[in-house]
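Chemist: There's a structure below that I have some questions on.
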Amino acid sequence: MILCLVAWSAQGAGRITLVSDPWPPYIEGSLDQPPSGGVAINLFNQLFSQLPHWQVDYLLMPWKRCLAEVEVGHKDGVMLVFKTPEREKEMVFSESLFEGKALLWQRADRPGGHFEWSDWSDLEGTSVGVVTGYSLGSTPLQKAIQQGLKIQLVEASSDRQLLQMLSLARMDFAVLDAVSARLLLAELGLNAQIVASRKPIDRYEFHIGFSRHSRFVESLGELDRAIQEMKMRGEIESIIYPR
């Protein structure tokens, strides 16, 4: 099923394309196709319905390609992206949509028992898995490594692969988004085998990043006002974290 915004003005409508890779439960579907669903897609449909002079299409593609296509202006924006100094050179960002957090996941039968960390030095001598190409969790870890801590980074191509590798003891820990990981663990039947430390290893704000070449940049203030209004009404939280 092709998902696109259902409401736009018949005349004078602008059309933009937002891209992402699949990231259940936020964005679901297959590469090179429009999303099949996801709580973030529900949020974007609701959000852009308040900008009826814009029509929005969505497309899924590999993450690195998403960033590259938006940076050069071939696509208008990338969904659920973190704001970084490097990305601000090529993109402008919406108001923060909502906060996410990355947790440090481990096997429940970990030798030495359940691990709770308080400082980066607690991870010295361990191996920690991250997803290739994502800044989620890996940026603070890389800074700790640059400061001299001996932590081995193990890369995987996806959240799913990362959890499967962790279940096979290919690493000591894995860094994953709390919401995404819990959904995947249920899907993989690993709820009892893999658990998380209580303290988040990273917190981040989700934005929409728009190409500086996109015509939509002129409407960014309007979009930000719509985001603020949805936050005040509690709508974003109810969409992203349905009861």
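Chemist: Can you name the condition, by its number, that Pro111 falls short on among (1) closer than 17 Å to Leu166 by Cβ; (2) open to solvent by less than 60 Å² (accessible area, probe 1.4 Å)?
Modeler: Against the list (1) closer than 17 Å to Leu166 by Cβ; (2) open to solvent by less than 60 Å² (accessible area, probe 1.4 Å), Pro111 comes up short only on (2).
Chemist: Moving on. Hey, can you tell me all the residues within segment 68-89 that are assigned to a helix (DSSP H, G or I), within 16 Å of Val19 (Cα to Cα) and either touching a Leu at 6+ places or on another chain (Cβ under 8 Å) or without any contact (Cβ under 8 Å) to a residue 60 or more places away in the chain (or both)?
Modeler: Correct list: Ala68, Glu69, Arg87.
Chemist: So is Val56 open to solvent by less than 20 Å² (accessible area, probe 1.4 Å), without any contact (Cβ under 8 Å) to a residue 60 or more places away in the chain, among the hydrophobic types (A, V, I, L, M, F, W, C) and part of a strand (DSSP E or B) or not?
Modeler: yes
Chemist: Kindly state which helices (runs of 4 or more DSSP H) lie completely within segment 114-229 and contain at least 2 residues that are farther than 30 Å from Asp76 by Cα, in contact with a Leu (Cβ under 7 Å, 6 or more places away or on another chain) and in contact (Cβ under 8 Å) with a residue 12 or more places away in the chain.
Modeler: By residue number, 159-167, 178-188.
Chemist: Out of (1) at pLDDT below 95; (2) in contact with a Lys or Arg (Cβ under 8 Å, 6 or more places away or on another chain), what's the single condition that is false for Gly113?
Modeler: (2)
Chemist: Sticking with this one: Of the residues Val195, Val217, which is modelled with pLDDT of 95 or more, closer than 25 Å to Ala178 by Cβ and either among the basic types (Lys, Arg) or open to solvent by 20 Å² or more (accessible area, probe 1.4 Å) (or both)?
Modeler: Val195
The values are calculated or read from the model by the stated rules, or taken from the named source; none is laboratory data. Remember, it's a predicted structure, so these values are computed and weren't measured experimentally. Cβ coordinates were reconstructed from backbone atoms using ideal geometry, including for glycine residues, and neighbour counts include every protein chain displayed. To get the accessible areas, we keep the full protein, side chains included, count just its heavy atoms, and leave off ligands, DNA and RNA. Shrake-Rupley method; radii C 1.70, N 1.55, O 1.52, S 1.80 Å.
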